[in-house]
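> Here's a structure for you.
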Amino acid sequence: MAERQVAYPALFLLLLLGILIAAAGDNKNDIIWRHERVRLRSERLLASISAGNAPSPVPSSNSAPARVYHVSDYGADPTGSKDSTAAILSAISDAFRPLSNRSLIAGVADLGGAEIDLDGGSYLISSPINFPSSPAGNLKLHGGSLRASDSFPKDRYLIELWSSAPSVTASTTYSYEYITLSSLMLDANYCAGGIAVVNSLRTLIASCYIVRFSSDGIWVQNGHETLISSSFLGQHITAGADPGERAFSGNGIRLAGNDNYVTDVVIFSAAIGILVAGGANSIFGVHCYNKAAGFGGTGIYLKLPGNTLTRIENCYLDYTGIVSEDPVQLQVLGSFFLGDANVVLKSVNGVMRGVDIAGNAFTGGGSGVEIVRLDETAGAFTAVEQVVVERNSADGMSVRSTAARAAISGNGTIWTADFSPVLLFPNRIDHVQYTLMVGSGFANHALRNVSGNRVVIETDVATSATAYVAVGQGASNGEEIFEGQRRTLTHLQRRSSKGSEIFEGRRRSSKVEEDLQGKPQTLRDNSEGSSKEALTSSKCKVS
């Protein structure tokens with residue numbers, strides 16, 4: 001007890017010294033800030049002394065102040081009972097004071113890694129947490145929850161990373177750089193958006209849970225290289241099969257800028273999971289079950305006709321699909337589509353170039369939904385080049401492809417292969433390759449007709465033979481389509497000469513080649529059947 005009594009005068013001297021140091025500050029804000037920090041330190045020292053612990057060393061008056069700004073130190077209410085907007089904005093304002101003349105990209109001040117810590121609280125806000133207009137970066141806001149009040153402005157966002165009124169015109173200068181928003185829960189209370197990032201460079205949004213937004217969970221306008229990762233977004237908090245799913249609206253993520261990345265994100269309720277209106281964006285490992293396609297929802301909508309430049313890889317489209325307008329330089333690879341979810345290629349100006357849809361798995365209910373569908377309501381696709389849709393597997397859905405093959409055996413003079421059930425584009429075969437293997441003797445033969453996605457081969461005399469036919473559409477040259485098919489035809493010929501099946505079964509590793517089938521919804525089972533079953537289902541005729 002005596003030791004504690006001796007320590008109290010030292011505590012008061014420390015407090016007095018702190019006040020004197022604060023009085024030497026350069027401005028009023030510095031005086032208030034230093035005084036508040038000294039008060040808090042004094043309270044901690046008092047608690048430490050009361051517990052019988054030795055006080056920590058007093059920092060030198062020459063040391064720089066800490067760059068971690070706790071919003072609770074500014075009066076923010078972590079219980080959410082009172083409005084904390086002003087307190088949080090005050091903390092951000094202090095964090096935006098650069099301590100040196102260092103900069104990031106030209107014109108953007110380096111804040112040195114300053115942090116705004118929400119201290120694990122849940123804060124009620126009545127207006128946007130808007131970052132200052134002075135260009136700056138290297139700052140982090142993290143560690144708590146923000147909830148919009150009932151009076152929150154309807155057309156704004158909880159966190160606004162923009163320095164002026166947003167413009168749809170891209171700017172060559174940036175307002176912010178390397179701003180990190182992480183470990184945040186944002187509840188927009190059905191009256192606002194979640195996060196707006198406008199004209200910002202290298203922004204990180206990670207480990208966030210954004211719900212109850214009325215417009216967008218995250219909106220990115222212009223700027224460059226925003227990384228959105230390891231986050232959950234949903235207009236309504238649900239885990240699927242929600243009775244109000246038909247009424248879901250808004251966008252989980254809206255990208256209206258270039259060179260952004262969305263990785264390891266789940267979007268569980270919204271009319272559109274990800275709306276892309278900027279080029280050169282990459283989407284990896286995203287799970288969309290935001291709103292079923294049957295209810296009018298879309299998982300990923302690429303709304304930039306003729307300038308897609310988008311990669312979608314290793315994603316899970318759960319009862320909601322992908323729509324791309326006039327796709328140019330589009331890749332959809334290695335993804336899983338469930339519940340009749342598919343890819344819709346929508347014609348606006350009739351352009352489709354550089355499209356690669358391959359290695360995906362589609363599962364449906366057996367109603368004949370096509371895995372890739374053309375929407376030519378506004379006009380047919382007329383400029384088609386370098387389009388590859390193949391090596392996709394389907395169970396309970398109709399296969400569509402830009403390459404197909406068939407083997408027709410019989411005794412006659414005409415061999416007809418009908419590829420219309422499987423080829424993507426109607427009445428369009430750009431390349432044909434065939435081989436006629438005659439059982440005995442010699443026969444002159446020719447490719448007689450290619451129309452309506454059918455190929456007709458004719459011989460001058462009746463003969464017992466097998467015709468192997470490979471076709472392709474949508475490529476700039478035959479080599480792009482037939483490199484693999486030539487190998488397949490050669491292999492089929494060798495197998496047939498040994499008395500094996502006419503059709504090569506699909507590899508059971510689920511690498512599926514698009515054989516011609518009469519019933520695409522049972523394609524996998526038919527492809528593994530005998531040669532007789534395969535010929536019966538192929539709709540290839542010999543006369």
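> Within the set of pairs 6+ apart or on separate chains, which have a first residue in segment 348-364 that is under 16 Å from ARG311 (Cβ atoms), a second that is of a type in the set (Val, Ile, Thr) and not in a strand (DSSP E or B), and C-beta atoms under 8 Å apart?
Once the first residue is under 16 Å from ARG311 (Cβ atoms) and sits in segment 348-364, its partners that are of a type in the set (Val, Ile, Thr) and not in a strand (DSSP E or B) give ASN360/ILE371.
> Of all residues in segment 291-323, which are open to solvent by 40 Å² or more (accessible area, probe 1.4 Å) and at positive phi?
GLY296, LEU309, ASN314, TYR319
> Suppose we filter segment 383-408 for residues that are surrounded by fewer than 19 Cβ atoms within 10 Å (Cβ to Cβ) and over 25 Å from the mean Cα position of the chain (by Cα); how many remain?
2
> Also: Looking for whichever is surrounded by 19 or more Cβ atoms within 10 Å (Cβ to Cβ), in contact with a Leu (Cβ under 8 Å, 6 or more places away or on another chain), more than 25 Å from LEU255 (Cβ to Cβ) and not small (Gly, Ala, Ser) here; the options are LEU124, LEU186, LEU118. Which one fits?
LEU118
> Can you name every residue in segment 132-147 that is over 20 Å from SER100 (Cβ atoms) and modelled with pLDDT of 95 or more?
Within segment 132-147, LEU141, HIS142, GLY143, GLY144, SER145, LEU146, ARG147 meet the criteria.
> Inspect all residues belonging to segment 326-336 and state whether any of them is of a type in the set (Gly, Ala, Ser) and surrounded by fewer than 16 Cβ atoms within 10 Å (Cβ to Cβ).
Yes, segment 326-336 has at least one match.
> Would you check which residues across segment 202-228 are open to solvent by 30 Å² or more (accessible area, probe 1.4 Å) and in a strand (DSSP E or B) and list them?
LEU204, SER207, TYR209, HIS224, LEU227
> Another question about this same structure. So ASP94 fits all but one of (1) of a type outside the set (Val, Ile, Thr); (2) part of a helix (DSSP H, G or I); (3) open to solvent by 50 Å² or more (accessible area, probe 1.4 Å); what number is the exception?
(3)
> May I pose another question? If I ask for residues that are β-branched (Val, Ile, Thr), within 21 Å of ALA292 (Cβ to Cβ) and surrounded by fewer than 22 Cβ atoms within 10 Å (Cβ to Cβ), which ones from segment 337-362 would you list?
VAL344
> Something else: Of all residues being assigned to a strand (DSSP E or B) and under 38 Å from the mean Cα position of the chain (by Cα) in segment 439-476, which is farthest from ALA406 (Cα to Cα)? Just the residue, please.
That would be GLY472.
> Does SER84 satisfy the criteria of being modelled with pLDDT of 65 or more and more than 25 Å from SER175 (Cβ to Cβ)?
Judged against the criteria, SER84 is not a match.
> Return the residues of segment 100-141 that are of a type in the set (Asp, Glu) and either farther than 25 Å from ASN189 by Cβ or assigned to a strand (DSSP E or B) (or both); say none if nothing qualifies.
ASP110, GLU115, ASP117
> Restricting to strands (runs of 3 or more DSSP E) lying wholly in segment 232-290: which have 1 or more residues that are touching a residue at least 40 places away in the same chain (Cβ under 8 Å) and open to solvent by less than 10 Å² (accessible area, probe 1.4 Å)?
The qualifying strands (runs of 3 or more DSSP E) are 251-258, 261-269, 272-276.
> Among the residues of segment 410-435, write down those that are open to solvent by less than 40 Å² (accessible area, probe 1.4 Å), out of contact with any Phe, Trp or Tyr (no Cβ under 8 Å at 6 or more places or on another chain) and either of a type in the set (A, V, I, L, M, F, W, C) or closer than 24 Å to ASP460 by Cβ (or both).
GLY410, GLY412, TRP415, THR416, ALA417, ASP418, PHE419, VAL422, LEU423, LEU424
> In segment 332-347, what residues are aliphatic (A, V, I, L, M) and either without any contact (Cβ under 8 Å) to a residue 40 or more places away in the chain or within 16 Å of GLU390 (Cβ to Cβ) (or both)?
Passing the criteria: VAL332, LEU333, LEU338, VAL343, VAL344, LEU345.
The values are calculated or read from the model by the stated rules, or taken from the named source; none is laboratory data. Nothing here was measured: the structure is a model prediction, and the numbers come from that model. Note: ideal-geometry Cβ built from the backbone for every residue, glycine included; neighbour counts use all protein chains shown. Heavy atoms of the whole protein, side chains included, go into the accessibility calculation; ligands, DNA and RNA do not. Shrake-Rupley method; radii C 1.70, N 1.55, O 1.52, S 1.80 Å.
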